[in-house]
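Just below is one structure, and these are the notes that go with it.
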Amino acid sequence: MPINKIVATKRGKSAIAGAVLAAVLAGGGSYFAEPARPVAVILATDSLIKPWEGLVLKSHWDPYAKIYDICYGETRLNGKPVKAGVTKTKTECDAILEARVYNDYYLPLTKQIKGFKSFPVSVQASMVSGAYNFGVGGMVGSRAAKLAAAGRYREACEAQTAWNKAGGQVVGGLVKRREMGDAQRKGEAEICVSGLPA
């Protein structure tokens, strides 16, 4: 369960409103049609994944994973491992990330978690972000997914905060990412509860 108090915030509500507007504009202006860029994907990508992953435009060596990565933590491009000396623009990195978030995380969650598309977009986005960080399988089998499928959204938001460990130890950065973020970045639970009715 959460280490810190989980509350809705103005910056969380503002991020949700911005993602809804971006989705409507991308979908041709109709609020009722499914947008080309789903709100949950925009919200997860722009407010949660990018700020926590950071952007690298030239491939660099990750001494822990012992592989090269680029952009927002991409280790493969076009199905092949990233190599030394690869460069990308921010626009290219943004497109790679958005396509991957949609295809590799959002779509599998919509298929594997009962009722996923009916969850509030803030819950969907926090789950997409969590899956990006700890895997689709982890999210699908999580207590958070079961609670959300039962309509217990606030409890689902708080249950996802359990994914705050690495190597069996609680990691401060993961606590911030899963919960209320920090001064510059929003947390998953913060976004999650900011989209729930008061």
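The values are calculated or read from the model by the stated rules, or taken from the named source; none is laboratory data. Bear in mind the structure is a predicted one, so any value in this text is a computation, not a measurement. Every residue, glycine among them, receives a Cβ derived from its backbone with ideal geometry; neighbour counts consider all protein chains shown. Heavy atoms of the whole protein, side chains included, go into the accessibility calculation; ligands, DNA and RNA do not. Shrake-Rupley method; radii C 1.70, N 1.55, O 1.52, S 1.80 Å.
Overview of values
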| read-out | value |
| --- | --- |
| Filter result (closer than 28 Å to Ala198 by Cβ, surrounded by fewer than 13 Cβ atoms within 10 Å (Cβ to Cβ) and either at pLDDT below 95 or among the aliphatic types (A, V, I, L, M) (or both)) within the stretch 134-182 | Ala150 |
| Filtered residues of the stretch 111-127 (kept if open to solvent by less than 30 Å² (accessible area, probe 1.4 Å) and in a helix (DSSP H, G or I)) | Phe116, Ser122, Val123, Gln124, Ala125, Ser126, Met127 |
| Subset of the stretch 57-102 [surrounded by 17 or more Cβ atoms within 10 Å (Cβ to Cβ), under 19 Å from the mean Cα position of the chain (by Cα) and of a type in the set (Val, Ile, Thr)] | Ile70, Ile96, Val101 |
| Where Glu155 falls short, out of the listed (1) part of a helix (DSSP H, G or I); (2) touching a Ser or Thr at 6+ places or on another chain (Cβ under 7 Å) | (2) |
| Which numbered condition Val140 fails, given (1) more than 23 Å from Tyr102 (Cα to Cα); (2) touching a residue at least 12 places away in the same chain (Cβ under 8 Å) | (1) |
| Count - residues of the stretch 73-88 that are closer than 17 Å to Pro51 by Cα and in contact (Cβ under 8 Å) with a residue 24 or more places away in the chain | 1 |
| Gly130 being modelled with pLDDT under 95 and part of a helix (DSSP H, G or I) | no |
| Any hit, the stretch 89-109, residues being within 16 Å of Thr45 (Cα to Cα), free of Cβ contacts under 8 Å to residues at least 24 places away in the same chain and among the hydroxyl-bearing types (Ser, Thr, Tyr) | yes |
